[in-house]
Amino acid sequence: MINIMKGLRPLKHIFNEKRWKWYDFQQKDEEKIKELISQSPARREWLENIKDRKANLLDLNTETKGDEYIWGSLIYQQDIEEKGEKNIFHFYICEDFFITVDFDFSILDVSDIGVHKQMEQAENAVEGFFILLGKILASYLQKIDAYEERLHELLWEMKEQNNLEILERIYENRHELLIWKNLVIPIVELKFIAEEAYGKGVHEQAEFNRVETRVERIRMLLTEYQEAIDTMIRLEEVVSTHRGNEIFKTLTVITILFTPVTAWGAVWGMNFKFMPELEWKFGYVFAGVLIFATTAGLYYYLKKKGWIGDILKVKKKNRFFE
């Protein structure tokens, strides 16, 4: 492998006995990029399209047989809290070389030396580029493993606490899952674009197949986690609805049970001139017994009808309903 250096940063890498090249630039290397692409109108169009680009972009050209190329921009890192906190790199791919702008190995937590060793075995630049995609997907898988652990903890916390804070965290996890899906979708499209540009022959490349397998792994995991989160949300909705109904039923029963107190209190609170029971010696006791008897009778009636249910029971720890 040969490196042409600019200061401490290698701009050009040559692989597999000079069969293909990788030009690795940053935005500040714009003059070097212009010098490299000056002879190609298509590459100049690519450079114009990627300037200040902050979103995914994928395109290809198959007009000239044997000179197919793919170009665009790819968001390969996205903060789950801040929309603007993301990392994007730009690329131009043909069989003899590929160009990347603003690709950062440190974000993926992988060694560029190890990647270069892999690229020495790549047959052409297309396969070399898919080595980079494979590393991106490998970093996704590591982070998705950490996501799985958090989701597992949340599953049990939901049973133990089951409050508004847990519901908020469930939806935060759902939002994070959507971010992962949005990161993977452009790579899936890029895989199809490579097939369109270079035919089924790309399936003979080990790195293309590795990317394809990792994409399927990630999509399978995300689908399973999506189902788990949807189940958690449905369960939370059922529990919340049940508890809301129990609260409404409890308030209704309490209101009914206090109806005799309210009714009899209203009767004896009237200002009629002739109310003989107010002069009775045991009128107070009589009123208390009457109120208690009518309340007990009403409670017995509700209990016999089964309208009270479990509202007088205290919810047990780590139970959803009881």
> Reachable lysines from LYS305, Cα under 16 Å, same-chain residues fewer than 8 places away excluded?
Replying inline: LYS249
> Ordered by packing density, taken as the mean number of other Cβ atoms within 10 Å over each peptide's residues, highest first, how do 98-110, 121-133 rank?
Replying inline: 121-133, 98-110
>> On a straight-distance basis, which lysines could pair with LYS281 in a cross-link, Cα separation under 30 angstrom, same-chain partners fewer than 8 positions away excluded?
In response: LYS273
>> Per 0.36 nm of contour for each residue apart, how much would the distance between ILE185 and LYS249 grow if the chain were fully extended, relative to their Cα-Cα spacing?
In response: 18.2 nm
> On a 0 to 90 degree scale, rounded to 10, what angle separates helix 41-50 from the longest Cα axis of the chain?
Replying inline: 30
> Which Cα, out of LEU302, LEU57, LEU154, lies furthest along the positive dipole direction of the chain (beta carbon charges, K/R +1, D/E -1)?
Replying inline: LEU302
> Hey, what angle do you get for helix 206-257 against the long axis of the chain, alpha-carbon based, 0 to 90 degrees rounded to 10?
Replying inline: 10
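Multiplying the sequence separation of ILE107 and PHE282 by 0.36 nm and subtracting their Cα-Cα distance, what value in nm do you get? The partial results should precede the final answer.
Details: separation 175, 0.36 × 175 = 63.00 nm, distance 8.69 nm.
Computed gain between ILE107 and PHE282 is 54.3 nm.
Loop-only check: which chymotrypsin sites (Phe, Trp or Tyr not before Pro) in segment 179-272 are DSSP coil with at most 11 other Cβ within 10 angstrom?
Numbers: sites: TRP180, PHE192, TYR198, PHE208, TYR225, PHE248, PHE258, TRP264, TRP268, PHE272; in loops: PHE258, PHE272.
Counting only loop positions with at most 11 other Cβ atoms within 10 Å, the chymotrypsin sites (Phe, Trp or Tyr not before Pro) in segment 179-272 are PHE272.
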> What percent antiparallel are the DSSP beta bridges of segment 2-236, to the nearest 5?
Replying inline: 85
>> Can you give me the C-alpha center-to-center distance between segment 222-250 and segment 155-183, rounded to a whole angstrom?
In response: 12
> Simple spin-label model, 7 Å along Cα-to-Cβ: ARG19 to GLU168 in nm?
Replying inline: 5.6
>> Under 8 Å for C-alpha pairs, at least 6 residues apart: give me the relative contact order for segment 166-322, rounded to a whole percent.
In response: 24
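Based on DSSP H runs of at least 4 residues, each adding -39500 (n - 2.57), what is the mean residue ellipticity at 222 nm of the chain after dividing by all its residues, to the nearest 500 deg cm²/dmol?
On the way: 9 runs with 186 residues, N = 322.
Only helices count here, giving -20000 deg cm²/dmol.
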>> Output the 0 to 90 degree angle, nearest 10, between the alpha-carbon long axis of helix 125-160 and the longest principal axis computed from the alpha carbons of the chain.
In response: 10
> Residue by residue through segment 66-74, which ³J(HN,Hα) values in whole Hz follow from phi under the Karplus form 6.51 cos²θ - 1.76 cosθ + 1.60 (θ = phi - 60°), with glycine and proline marked x?
Replying inline: x, 10, 5, 8, 10, 8, x, 9, 9
> If the chain between GLU123 and GLU82 were fully stretched, how many nm would it gain, using 0.36 nm times the residue separation less the Cα-Cα distance?
Replying inline: 10.8 nm
>> Can you compute the modelled spin-label distance between GLU227 and LYS159, with each label point 7 Å from Cα toward Cβ, in nm?
In response: 2.0
>> Checking the cross-link filter: which lysines have an alpha carbon closer than 19 Å to that of LYS86, excluding same-chain neighbours under 8 positions apart?
In response: LYS28, LYS51, LYS54, LYS135, LYS143, LYS181
>> Could you tell me what a quarter of the Cα convex hull surface of segment 2-146 works out to, in nm² with one decimal place?
In response: 9.5
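Set the Förster radius R0 to 22 Å, insert the Cβ-Cβ distance between VAL238 and ARG150 as r into 1/(1 + (r/R0)^6), and round the FRET efficiency to 0.05.
Numbers: r = 23 Å, r/R0 = 1.05.
Between VAL238 and ARG150 the formula returns 0.40.
Values in this text are rule-based calculations from the coordinates and carry no lab data. Everything quoted here is computed from the prediction, not taken from an experiment. Positions of Cβ are generated from backbone atoms using ideal geometry, with glycine treated the same way; all protein chains shown enter the neighbour counts.
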